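Single-structure report; data block below.
Bear in mind that the values in this text are calculations on the coordinates, not laboratory data. Keep in mind that this is a model prediction, so the values were computed, not measured. Because the Cβ atoms are built from the backbone with ideal geometry, glycine has one as well, and the counts that use them run over all protein chains shown.
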Amino acid sequence: MNKMKVLISLALCISCGIIYSEDLPKPLDRSSLIRTDKIDESLKRETLSSIQRAVNFLADKQKSDGSWCEHPAMTGLVCMALHNSGTKENPGIRKEAVEKGRQYILKNVQPDGSIWLAGREKEYPNYSTAICLATLAILGNPEDEEVMRKARKYLLGSQFQDPGSPFLGGIGYGSKGPGNPDLSNTQWALEAIYLTDYLDKEPKAKSPEDAKKSDLAWKNAVMFLSRVQNLPESNDQVWVVKDKNDPNYGGFVYKPDESKAGKIDDSKSLRSYGSMTYAGLKSMIYAKLAKDDPRVKAAIEWGRKNYRLDENPGMGSEGLFYYLQTFSKAHAVLGDETVKTDDGVEHKWRQDLIKTLLSLQKGNGEWVNDKSGRWMETIPELVTAYSLLALESALGLEIN
């Protein structure tokens with residue numbers, strides 16, 4: 001296997017939530033990657049059947065132009081989900097759908113490297129570029145390398161640079177310049193940057209300066225992540241809770257000055273919530289913070305105390321499926337198989353997540369948020385893509 005194929009295979013593993021050392025590359029056989037040691041065999045079969053139904057649903061929803069919902073970001077999410085599914089029933093149909101989606105994404109590449117519906121009202125260049133870049137990295141077509149390189153440069157250039165601002169290192173939607181960075185956009189961008197880090201490493205790096213800029217971008221990203229965590233030891237913002245026994249301690253918020261979960265009573269302090277805490281945890285791991293780093297430990301502890309899958313902790317039904325896919329990815333890259341809650345119960349998160357999603361799937365293979373339409377979770381294509389990505393991370397990949 002040549003170096004490019006090894007890097008692509010590593011990107012595929014990372015996208016599904018498993019990180020492998022770069023000095024242990026092996027040829028990957030898709031049929032041997034499904035994890036069987038942690039999932040009950042009957043549950044695994046039920047899950048694979050569920051995935052197949054979802055793949056069929058999404059394939060039927062593809063537009064004639066190759067898109068889903070006529071949007072590159074939505075198309076990227078679906079392509080990632082379909083590609084990672086590895087379904088054996090009608091694989092040609094799945095592969096053809098992914099390729100048509102890839103071509104649609106490439107049609108929306110802009111001269112500055114961004115990938116989005118330029119010229120349309122209320123569009124978000126950074127968000128769309130991040131998801132499309134991650135998609136192209138996972139699909140791994142060598143001919144897309146220059147497109148990925150330019151998209152990566154665009155995202156790195158979109159990172160907030162004001163050293164005196166708590167927003168330093170974050171990335172926003174990008175509709176009007178650098179904008180106001182938030183953790184949701186930042187976590188999508190960091191995932192894409194992580195998947196394409198090899199482009200700024202030897203032998204792919206074009207210059208030593210590119211590698212230095214990449215390292216600085218990660219350093220600044222850690223600064224931003226620290227500024228959205230409810231942790232006074234590493235965050236000096238006035239809204240941060242000071243009491244270690246406060247239920248918000250260690251969790252994450254949306255922006256350095258805003259939480260979608262609101263404020264704590266009438267105080268200045270912001271409430272932590274599930275989807276952003278797992279977005280922050282996942283991003284810190286991508287940024288190579290160790291598991292014994294106090295910030296990582298505090299986020300893990302918040303997640304342990306707020307372990308639940310029937311809702312987005314702190315937000316109820318709002319953003320439930322966004323939460324589930326972020327929860328799955330974060331736990332997968334973290335590497336722990338169980339979560340022990342205060343009642344002493346050891347929860348196998350993979351099985352818990354799978355069972356939750358199986359119970360929520362509709363008969364036609366789709367998922368949709370029946371309780372809240374916030375953040376577009378009434379759109380079945382989006383929610384089904386989220387759910388597939390979550391299931392695929394929960395099943396996991398192993399190199400035999």
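State all residues of the range 135-152 that are in contact with a Gly (Cβ under 6 Å, 6 or more places away or on another chain) and either over 19 Å from Gly76 (Cβ atoms) or buried (at least 20 other Cβ atoms within 10 Å of the Cβ) (or both); if no residue qualifies, say none. Let's see the steps before the verdict.
Taking the range 135-152 and keeping what is in contact with a Gly (Cβ under 6 Å, 6 or more places away or on another chain), we get 135, 150-151.
Thr135, Ala151 - these are the residues of the range 135-152 that are in contact with a Gly (Cβ under 6 Å, 6 or more places away or on another chain) and either over 19 Å from Gly76 (Cβ atoms) or buried (at least 20 other Cβ atoms within 10 Å of the Cβ) (or both).
For the range 220-265, which positions are among the aliphatic types (A, V, I, L, M) and outside any loop (DSSP other than H, G, I, E, B)?
If the condition is that a residue be among the aliphatic types (A, V, I, L, M) and outside any loop (DSSP other than H, G, I, E, B), then Ala221, Val222, Met223, Leu225 are the ones that fit.
Condition check: acidic (Asp, Glu), closer than 30 Å to Leu136 by Cα and not in a helix (DSSP H, G or I). Does Glu202 satisfy that?
In short, yes.
What do you reckon, is Ser64 part of a helix (DSSP H, G or I) and of a type in the set (Gly, Ala, Ser)? Explain how you work it out, then say what you get.
Values: part of a helix (DSSP H, G or I): no; of a type in the set (Gly, Ala, Ser): yes.
No.
If you check Lys305 against the conditions, is it surrounded by fewer than 19 Cβ atoms within 10 Å (Cβ to Cβ), in contact with a Pro (Cβ under 8 Å, 6 or more places away or on another chain) and touching a residue at least 12 places away in the same chain (Cβ under 8 Å)?
Values: surrounded by fewer than 19 Cβ atoms within 10 Å (Cβ to Cβ): yes; in contact with a Pro (Cβ under 8 Å, 6 or more places away or on another chain): yes; touching a residue at least 12 places away in the same chain (Cβ under 8 Å): yes.
Here the answer is yes, as Lys305 does meet what is asked.
For every residue, the table says whether it meets (1) crowded, with 22+ Cβ neighbours inside 10 Å; (2) in contact (Cβ under 8 Å) with a residue 40 or more places away in the chain; (3) touching a Pro at 6+ places or on another chain (Cβ under 7 Å).
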position: Arg120; (1), (2), (3): no, no, no
position: Tyr173; (1), (2), (3): no, yes, no
position: Leu190; (1), (2), (3): yes, yes, no
position: Leu195; (1), (2), (3): yes, yes, no
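Can you find even one residue in the range 206-228 that is farther than 25 Å from Thr135 by Cα and touching a residue at least 60 places away in the same chain (Cβ under 8 Å)?
yes
From the list Ser328, Ser359, which residue is touching a helix residue (DSSP H, G or I) at 6+ places or on another chain (Cβ under 9 Å) and hydroxyl-bearing (Ser, Thr, Tyr)?
Ser328
crowded, with 19+ Cβ neighbours inside 10 Å and either more than 26 Å from Pro72 (Cα to Cα) or in contact with a strand residue (DSSP E or B) (Cβ under 8 Å, 6 or more places away or on another chain) (or both), is that true of Arg295? Working first, answer last.
Values: crowded, with 19+ Cβ neighbours inside 10 Å: yes; either more than 26 Å from Pro72 (Cα to Cα) or in contact with a strand residue (DSSP E or B) (Cβ under 8 Å, 6 or more places away or on another chain) (or both): yes.
Answer is yes for this residue.
Yes or no: the range 241-250 includes at least one residue that is surrounded by fewer than 20 Cβ atoms within 10 Å (Cβ to Cβ), over 17 Å from Pro125 (Cα atoms) and of a type in the set (Phe, Trp, Tyr). Full working, then the answer.
Our first condition is that a residue be surrounded by fewer than 20 Cβ atoms within 10 Å (Cβ to Cβ); within the range 241-250, this holds for 242-247.
If we keep only those that are over 17 Å from Pro125 (Cα atoms) too, we end up with 242-247.
With the extra rule that they be of a type in the set (Phe, Trp, Tyr), the set shrinks to none.
No; the residues of the range 241-250 include none that is surrounded by fewer than 20 Cβ atoms within 10 Å (Cβ to Cβ), over 17 Å from Pro125 (Cα atoms) and of a type in the set (Phe, Trp, Tyr).
What is the residue count in the range 356-375 for residues that are out of contact with any Phe, Trp or Tyr (no Cβ under 9 Å at 6 or more places or on another chain), surrounded by 15 or more Cβ atoms within 10 Å (Cβ to Cβ) and within 27 Å of Ile39 (Cβ to Cβ)?
2
Restricting attention to helices (runs of 4 or more DSSP H) lying wholly within the range 67-164, give those where 3 or more residues are in contact with a strand residue (DSSP E or B) (Cβ under 9 Å, 6 or more places away or on another chain) and under 19 Å from Arg53 (Cα atoms).
72-85
Might you let me know whether the range 250-262 holds any residue that is over 25 Å from Lys297 (Cβ atoms), in contact with a Leu (Cβ under 8 Å, 6 or more places away or on another chain) and of a type in the set (Gly, Ala, Ser)?
So far as the range 250-262 goes, yes, one or more of its residues are over 25 Å from Lys297 (Cβ atoms), in contact with a Leu (Cβ under 8 Å, 6 or more places away or on another chain) and of a type in the set (Gly, Ala, Ser).
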